[in-house]
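Shown next, in structure tokens, is the structure this report addresses.
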Amino acid sequence: MPSSPGPAASATASRVPVEERLFSLVLALLATESGLTKNEILSTVQGYRQRFRAGGDNTNLERQFERDKDDIRDLGVPLETIDSPGDAGNNQMLRYRIPRGAYELPKDVTFTSGETTLLNLAAMVWREGSLSGESRRALLKLRSLGVAAEEPVLGYAPRVRLRDAAFEPLSSALEKHLIVRFPYLKPGEERAREREVIPLALVQYQGRWHLSAEETAPSGSDGDGARKTFLLRRIVGPVVLGKAAPARPGDHAGAALASLDAVWERGVAEVQVVTDSDAATRLTNRRGTERLAASVDAGAPGRAEERLRLHFVDLNILADELAGFGPEVLVIGPPELRGAVISRLERTAHDHG
Amino acid sequence: MADRQQPLQARDKLAFLLSLVPWLMDHDGAKVAEAAEHFGMTPAQIREAVELIAVSGVPGETDAYQHGDLFDIDWDAFEERDEIVLTNLVAIDDSPRFSAREAAALIAGLQYLSALPENADRAAIASLMGKLSRGASATPSQVGVEGAATTGAVDTGAGRRALAPDPLASTLALIRESVERGVQLELDYQNSQGQRERRRVDPLRIESIDADWYLRGWCHLREAIRTFRLDRISNAIITEQPIEHRASDSDVRLPDVLFAPSPDDLEVTIEVVPSAMPLLSDFIPDGATSTGHDGRIRTTLRVSHYHGLKRLIASMAGVATVVAPPSARAAVEAWAREGAARYR
């Protein structure tokens, strides 16, 4: 036995902490040029070697190694496998390594202290939900570069919520490039309909999460299915992950936001609001709202009203919002919106009468 | 840091070890306290990590983790002066890349914050997002968040078009200017009971939840900390009066929660379809019991005033119904009836 104070001394210790085993695995695979076979890893690397039985059954240890590989890959550590020449396909001869160039942050990727401040804020956005671990680890790596953030002039506490139950399975399907199935309830339809799609991007637009996806082409036909946008809130049942999806390269998040923006641009409503009411203040402060007339005939003496033009993406969502303002808003058009608001108000009055 | 006291999971600890080594290489002789401050950790977490690094390494040629195959530190400096000096290095030369999901989270966070005055330089933000993509180990996954437009044009991919500045971005810019110049903000505010008042405010912090933005500040009218929804603010101007309260003042304590319950709150019983429950979670007090009724959930809501309740319920037609008390039902009914009457 060597006389170093290192792990050799504690080789008999029954338990090596998980992080020590993972850290030792990364170090060993970074240090090897030609790669290590699974057997070499299990028999020599700290955390495995203590439990390795030469010539014996190492099934549990092999399973542990499989899970560890997934864990370090999840952290963005590029773990590569090399087939042994002349023995391709033989799992026992497969060699593992971490290529330095793919592991290290490129030299030209540096951040100023102003940029570091912004990235700290960007990470804070995901304080809750499934992206909080990701942003926490991203910040550790950012701090590794040693750039101190500037103290912001004004404190911020931004937060995006991931409350839709469908977010997590959809995000995991996106990550693994899988086809998904889910029941989707379109407004105005009695029953949810099962959809099967190739997920392309998850985007939040005006506070609501949307899935941009391609419908799977009916069997027998080739070519791409139609691109659709689904509101996560209308996914009313479990999201089922299916088989591998065909590759669809491109900036889908950007495209989905641009197409929602185009829908928003085209969707125009005209409303009349009571001056100085909550509706007037909040609708005027909405992005894209234009004041068409500062004072219009309110149909009632002593009441001042103004006319606004609003943009919207989803008629049913806007109708919900406008119904909440009760008598402070009168919808002028389009007629479908007017009808949707009237039926909501009548329903609420009826349910509470 | 908000997560300073949280126990770290094994993956967090690994990310931390891989991040700490390159930092220590660049900061020879750094104090434990300095590293703790920089990484937002406790000194105990730093010591634990350094002790682990100091005994870690590679199997080496002998497969036996010989002395030269391990990291080493100056133990005297570490134990006596809390200084971290690496005396032997192995395997690691540089900081690790971001994972695809890590880069995607930061990119989407930056998009979301595009309304902040700090983010006004779009070209700089685009270059920052580009660096995150290049610094990731795989193409960042597809997550996007719409941000407000701060400048005159937005590239939608189908050509550039003009956009009026977002009212949100203008208000945020004004708030920041007031803090920068150290003067109070004056604004009209429509409170949750519908009354409009002129207020003078010392801005303390900007908070947001999804598409809703809030200013928390010292209100000189109420002489207390108040929360203002940005879309209920109008006619805001910057005054010449100096700010009297700052977030760094010891007597200024911002409550952690945006919506703190008050003893004056009213409780109402509602029935709601299960899928709409998350929309109401801010109003449901801790410990409220929920029971099922014909596929609907019956639960308790806490509201400050019926003024807010009737708006909330009227925006959820067919989805949520007030069951009790009768005065709350009547307030909702009257509100919806008056609204419907405008169309006759």
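Derivation of every value follows stated rules applied to the coordinates shown; laboratory data play no part. What you are looking at is a predicted structure, and each value in this text was computed from that prediction instead of being measured. Heads up, the Cβs are rebuilt from the backbone with ideal geometry, glycines too, and the neighbour counts pull from every protein chain shown.
A compact table of results
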| item | result |
| --- | --- |
| Sequence ranges A:47-55, B:209-217, ranked by mean other-Cβ count within 10 angstrom, highest first | B:209-217, A:47-55 |
| Within the protein assembly as shown: Cβ-based charge dipole about Cα centre, in debye rounded to nearest 20 (Lys, Arg +1; Asp, Glu -1) | 2280 |
| Total formal charge among the other residues, if their Cβ is under 9 angstrom from that of A:Gln64, Lys/Arg +1 and Asp/Glu -1 | +1 |
| Relative contact order %, chain B, counting alpha carbon pairs below 8 Å whose residues are six or more apart | 9 |
| Two-decimal Rg to Rh for region B:100-146 - Kirkwood Rh, Cα set | 0.97 |
| Gyration tensor (alpha-carbon) shape descriptor, region A:138-275, a/c threshold 1.5 | oblate |
| Relative packing of peptides B:117-125, B:307-315, A:309-317, A:63-71 - highest average C-beta neighbours within 10 Å first | B:307-315, A:309-317, B:117-125, A:63-71 |
| Dipole magnitude (debye, nearest 20) for region B:5-81, charges at Cβ of Lys, Arg, Asp, Glu | 400 |
| Sorted by Cβ neighbour density within 10 Å, fewest at the top, the residues A:Glu321, B:Glu244, B:Glu338 | B:Glu244, B:Glu338, A:Glu321 |
| For region A:149-228 versus region B:103-137, the gap between their alpha-carbon centres in whole angstrom | 21 |
| Distance between modelled label sites at B:Val85 and A:Ala148, nm, 7 Å Cα→Cβ extension | 2.4 |
| Peptide B:204-213 - average C-beta neighbours from other chains (10 Å radius) | 5 |
| Residue order, fewest to most surrounding Cβ atoms within 10 angstrom, among B:Met41, B:Met277 | B:Met277, B:Met41 |
| Förster radius 25 Å - calculated FRET efficiency between A:Val240 and A:Arg73 (Cβ-Cβ, nearest 0.05) | 0.55 |
| Region A:250-305 shape via C-alpha gyration tensor axes, a/c threshold 1.5 | prolate |
| Neighbour cut-off at most 13 other Cβ (10 Å), DSSP loop, trypsin sites (Lys or Arg not before Pro), region B:1-77 | B:Arg4 |
| Shielding by other protein chains, A:41-54, mean Cβ within 10 Å | 2 |
| Listed residue pairs exceeding 30 Å between alpha carbons, taken from A:Lys38/B:Lys131; A:Lys69/A:Lys186; A:Lys69/A:Lys107; A:Lys69/A:Lys228 | A:Lys38/B:Lys131; A:Lys69/A:Lys186; A:Lys69/A:Lys228 |
| Expected 222 nm ellipticity per residue - DSSP helices of 4 or more, -39500 (n - 2.57), all of chain A, to 500 | -11000 deg cm²/dmol |
| Lys, Arg +1 and Asp, Glu -1 on Cβ, resulting dipole of region B:100-146 about Cα centre, debye, nearest 20 | 180 |
| Sites A:Glu33 and B:Asp294, calculated FRET efficiency, Cβ-Cβ separation with R0 56 Å, nearest 0.05 | 0.25 |
| Percent RCO, i.e. relative contact order, over region A:18-160, from Cα pairs under 8 Å lying at least 6 residues apart | 21 |
| Distance in nm between pseudo-label sites at B:Ala224 and A:Thr59 (7 Å out along the Cβ direction from Cα) | 6.6 |
| Alpha-carbon centroids, region B:30-46 and region A:21-61: separation in whole Å | 31 |
| Backbone N within region A:175-191 under 14 Å of label point (7 Å from A:Leu315 Cα along the Cβ vector) | A:187-189 |
| FRET efficiency, 1/(1 + (r/R0)^6) with R0 30 Å, evaluated for A:Glu336 and A:Glu194 via beta carbons | 0.65 |
| For residues of B:87-96, the mean tally of beta carbons on other chains within 10 Å | 6 |
| Region B:266-341, relative contact order [Cα under 8 Å, separation at least 6], % | 38 |
